[in-house]
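Taken together, the values in this text are just the output of simple stated rules run on the coordinates, not laboratory data. The model shown is predicted, which means the values in this text are computed figures rather than measured ones. Positions of Cβ are backbone-derived with ideal geometry, glycine not excepted, and every protein chain shown enters the neighbour counts.
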Amino acid sequence: MIPDIQERTDIAAPVSSTRRKRVTLAGLSLLLTLAGCAVPSTGIVPRGEDLYTVTRQGNGFWVTTDSLKVAALQEADAYCVARKKALKVIHSKEIAAGAFGRWPESEVLFKCG
């Protein structure tokens, strides 16, 4: 005789607490890894006389100043486009990662014209 499906629902194997902990730990690790890749930004900072700066900082020595500069330029360009103006870069500077936890940085001074 084949057992009825309703009779078999009570024998489903519960998820072990060890497996649940592994899955939770893996998810947490992924979240922390992705958060570590985030690039802090100052946002657009008015400097007076229609000048603005935006600074991007990496969260580790592996982040290149070139990638930070690209991100800063994209943020500056989006700011100017939102005002229906073109981005004009006045000056930019990059600071490489250094000793004692100094992370790489890129700053762009610009105006919208």
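Applying the criteria of a DSSP loop state and at most 11 other Cβ atoms within 10 Å to the trypsin sites (Lys or Arg not before Pro) of the stretch 46-92 yields Arg83, Lys84. If only the Cβ of Lys and Arg carry +1 and only the Cβ of Asp and Glu carry -1, the dipole of the stretch 45-112 around its Cα centre is close to 200 debye.
One decimal place: the segment Ser41-Trp62 gains 5.8 nm when fully extended, by the rule 0.36 nm per residue minus the C-alpha distance.
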